[in-house]
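The values are calculated or read from the model by the stated rules, or taken from the named source; none is laboratory data. Predicted, not measured: the structure shown is a model, and the values here were computed from it. All Cβ positions, even for glycine, are placed from backbone atoms using ideal geometry, and neighbour counts span all protein chains on display. The area values use the complete protein model at the heavy-atom level, side chains included, leaving out ligands, DNA and RNA. Shrake-Rupley method; radii C 1.70, N 1.55, O 1.52, S 1.80 Å.
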Amino acid sequence: MPMKIKMNMSNTDKLIRVVIAFVIAMLFYFQIIKGILGVMLMLIAIVMLLTCFFRVCPLYKACGISTYKPKD
């Protein structure tokens, strides 16, 4: 039986995460942020994009937060 994952992110939440990840990527690309800080922020950006793709945030789940509103 396939496991069903309960979504906990709204479209607004997804948009905010994509914009933040894009800004981090551009700052890293233009070497405004670099070194260990740049790498750490890029890893955070990748995680943010992955959570957007699956519409599930493990941190939200651990805290019991859900911004997802199902359509009626």
Q.
Could you compute the net charge surrounding Lys14? Neighbours are other residues with a C-beta less than 13 Å from the C-beta of Lys14; K and R count +1, D and E count -1.
A. +2
Q: Please work out how much accessible surface Lys34 shows to a 1.4 Å probe, ignoring ligands, DNA and RNA, in Å² rounded to 10.
A: 130
Q: Find which of Val18, Phe54, Gly35 sits farthest along the positive direction of the dipole of the chain, computed with +1 on the beta-carbon of Lys and Arg, -1 on that of Asp and Glu, about the Cα centre.
A: Phe54
(Q) Check which residues have an amide H placed less than 5 Å from Thr67's amide H, if you skip close sequence neighbours. (A) Met9, Ser10
Q: Quick one: grab the alpha carbon gyration tensor of the chain, order the square roots of its eigenvalues as a ≥ b ≥ c, and give me rounded if a/c is under 1.5, else prolate or oblate depending on whether a/b is larger than b/c.
A: prolate
**Q.** Cα-centred dipole magnitude for the chain, charges only on beta-carbon of K, R (+1) and D, E (-1), debye, nearest 20
**A.** 200
Q. Okay, helix-only estimate at 222 nm for the chain: each DSSP H run of n ≥ 4 adds -39500 (n - 2.57), divide by all residues, round to 500 deg cm²/dmol; what do you get?
A. -20500 deg cm²/dmol
Q. How would Lys6, Lys61 rank on accessible area, largest to smallest, probe 1.4 Å?
A. Lys6, Lys61
**Q.** Nonlocal Lys pairs with alpha-carbon distance under 19 Å, the chain (8 or more apart, or different chains)
**A.** 11
